1. Being of a type in the set (Asp, Glu), over 10 Å from the mean Cα position of the chain (by Cα), within 19 Å of His121 (Cβ to Cβ) and part of a loop (DSSP other than H, G, I, E, B) is the requirement here; does Glu100 meet it?
2. Looking only at residues in segment 1-59 that are among the polar types (S, T, N, Q) and part of a loop (DSSP other than H, G, I, E, B), which one is farthest from Ser81 (Cα to Cα)?
3. Looking at Val59, Val73, Val55, which is the one that is within 16 Å of the chain's Cα centre (by Cα) and more than 18 Å from Ile98 (Cβ to Cβ)?
4. Could you identify the single residue in Lys62, Lys87, Lys115 that is of a type in the set (Lys, Arg), farther than 27 Å from Leu29 by Cα and surrounded by 14 or more Cβ atoms within 10 Å (Cβ to Cβ)?
5. Just one of (1) within 28 Å of Ile127 (Cα to Cα); (2) touching an Asp or Glu at 6+ places or on another chain (Cβ under 9 Å); (3) at pLDDT 95 or above trips up Arg35, so point out which.
6. Do we have any residue at all in segment 120-127 that's surrounded by 12 or more Cβ atoms within 10 Å (Cβ to Cβ) and touching a Ser or Thr at 6+ places or on another chain (Cβ under 7 Å)?
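The values are calculated or read from the model by the stated rules, or taken from the named source; none is laboratory data. Since the structure is predicted, the reported quantities are computational estimates derived from the model, not experimental observations. Glycine gets a Cβ as well: all are built from the backbone with ideal geometry, and neighbour counts include every protein chain shown.
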Amino acid sequence: MCAGGLPVANKTHAIDVVSAGLEIQQFMLEHNIERKKQGQEVFEIRIGIHTGPVVAGVVGFKKFAYDIWGDTVNIASRIESSGVAGKVNISESTYHYIKEHFRCKNRGKISAKNKGEIHMHFVESKI
């Protein structure tokens with residue numbers, strides 16, 4: 001899991017996270033080509049991105065960790081699990097932030113566990 005715009009908010013957080021998602025997607029594609037050449041199993045991932053408010057803070061008494069909570073985190077998890085291996089799947093709210101910078105394919109509303117239907121898009125490429 002990763003988050004953009006933390007701990008200092010910025011106006012490009014959604015663009016930054018989607019760019020990172022595409023870079024991870026490309027890395028995994030190249031990595032899996034090499035693994036196939038070596039006769040090894042491939043490692044497939046799904047990437048899900050949602051934009052919204054979170055609660056963030058440090059947890060722990062002996063070992064400290066920075067963590068985030070909230071419905072945005074839960075929806076991002078549902079976006080990921082409703083995606084397809086090798087694809088960057090985003091919510092409608094993320095789409096509104098990035099639509100001028102990326103080509104996307106509208107998936108329509110997809111049923112997400114305990115969240116009902118969520119409008120999703122696949123990110124195809126940068127514009």
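1. Taking the combined requirement at face value, the residue satisfies it.
2. So the residue we want is Gln38.
3. Working: Val59 fails: within 16 Å of the chain's Cα centre (by Cα); Val55 fails: within 16 Å of the chain's Cα centre (by Cα).
Step by step, each of Val59, Val73, Val55 is checked, and only Val73 is within 16 Å of the chain's Cα centre (by Cα) and more than 18 Å from Ile98 (Cβ to Cβ).
4. Being of a type in the set (Lys, Arg), farther than 27 Å from Leu29 by Cα and surrounded by 14 or more Cβ atoms within 10 Å (Cβ to Cβ) holds for just one of Lys62, Lys87, Lys115, which is Lys115.
5. Here Arg35 meets the rest and fails (1).
6. Yes - at least one qualifying residue is present in segment 120-127.
Residue by residue, here is whether (1) touching a residue at least 24 places away in the same chain (Cβ under 8 Å); (2) farther than 22 Å from His13 by Cβ; (3) not β-branched (Val, Ile, Thr) holds:
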site: Glu44; (1), (2), (3): yes, yes, yes
site: Ile47; (1), (2), (3): yes, no, no
site: Ala56; (1), (2), (3): yes, no, yes
site: Arg78; (1), (2), (3): yes, no, yes
site: Val84; (1), (2), (3): yes, yes, no
site: Thr94; (1), (2), (3): yes, no, no
site: Glu117; (1), (2), (3): no, yes, yes
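To keep it simple, each residue is scored yes or no on (1) closer than 20 Å to Arg103 by Cβ; (2) of a type outside the set (Gly, Ala, Ser); (3) surrounded by 11 or more Cβ atoms within 10 Å (Cβ to Cβ).
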residue: Pro7; (1), (2), (3): no, yes, no
residue: Ile15; (1), (2), (3): yes, yes, yes
residue: Ala20; (1), (2), (3): yes, no, yes
residue: Glu34; (1), (2), (3): no, yes, no
